[in-house]
Amino acid sequence: MFSVQEQSNRVVVTFLALGLWLLSTAGAVASIYWIRQIYLGATMAFGGEVLTAEAVTPLLVAGLGLVATVAIIGSTEFHRRNFLKPASWRLFAWMIGIEAALAITHQVFVGF
C-alpha cells in the first residue's frame, strides 16, 4: 500500500499529466491553424497568388487534421500504456516543444 504522502503525490502528478495531455491536444489542434497561416504567409512572401494559395489550403487543412487526429489518438494510447513513466513525460516534452516551435514560427514570420 501507498502511504498518504505517496497517494497525495500520485494525485498531483496525475492531474499534471492530465493538464499536459490537454495542453498537447489543444496545441495539436491549434497547429493546424498555425501551419495554414505559415503556408499562406510563405506563399505571399515568395510572390504567390492569393487565390492559388487559398485553393490549396482546404486540402492542407484536411491533411493536417488527419495527421493531428492520428497524433492525438496515438499519443493518448501511448500515455495510457506508459502512464507516469519517463517515456510518457518525454513524449509530452516533444509534443509541447514542437507545438511551441510552430507557435513561435507563426508569431515571428506571420504575426497574425
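The values are calculated or read from the model by the stated rules, or taken from the named source; none is laboratory data. What you are looking at is a predicted structure, and each value in this text was computed from that prediction instead of being measured. Positions of Cβ are generated from backbone atoms using ideal geometry, with glycine treated the same way; all protein chains shown enter the neighbour counts.
Going by the conditions given, is Arg10 basic (Lys, Arg), surrounded by 11 or more Cβ atoms within 10 Å (Cβ to Cβ) and modelled with pLDDT under 95? Spell out the reasoning first.
On the way: basic (Lys, Arg): yes; surrounded by 11 or more Cβ atoms within 10 Å (Cβ to Cβ): yes; modelled with pLDDT under 95: yes.
For Arg10, the condition - basic (Lys, Arg), surrounded by 11 or more Cβ atoms within 10 Å (Cβ to Cβ) and modelled with pLDDT under 95 - is met.
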Scope region 22-43; condition buried (at least 18 other Cβ atoms within 10 Å of the Cβ) and within 22 Å of Arg90 (Cβ to Cβ); matching residues:
Ser24, Gly27, Ala28, Ser31
Can you tell me which residue within region 71-112, out of those that are exposed (fewer than 11 other Cβ atoms within 10 Å of the Cβ) and of a type in the set (Val, Ile, Thr), is nearest to Leu20 (Cα to Cα)?
Ile73
Tell me which residues, restricted to region 16-55, are hydrophobic (A, V, I, L, M, F, W, C), over 21 Å from the mean Cα position of the chain (by Cα) and farther than 23 Å from Gln107 by Cβ.
Leu51, Ala55
Taking region 60-112, which residues are β-branched (Val, Ile, Thr) and over 16 Å from the mean Cα position of the chain (by Cα)?
Val108, Val110
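Only one of Ala53, Ala93 is out of contact with any Leu (no Cβ under 6 Å at 6 or more places or on another chain) and of a type outside the set (Val, Ile, Thr). Can you tell me which? Full working, then the answer.
Numbers: Ala53 fails: out of contact with any Leu (no Cβ under 6 Å at 6 or more places or on another chain).
Result: Ala93 is the single residue among Ala53, Ala93 that is out of contact with any Leu (no Cβ under 6 Å at 6 or more places or on another chain) and of a type outside the set (Val, Ile, Thr).
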Inspect region 60-70 for any residue being among the hydroxyl-bearing types (Ser, Thr, Tyr), loosely packed, with under 13 Cβ neighbours inside 10 Å and either touching an Asp or Glu at 6+ places or on another chain (Cβ under 7 Å) or more than 25 Å from Trp89 (Cα to Cα) (or both) and give the result as yes or no.
no
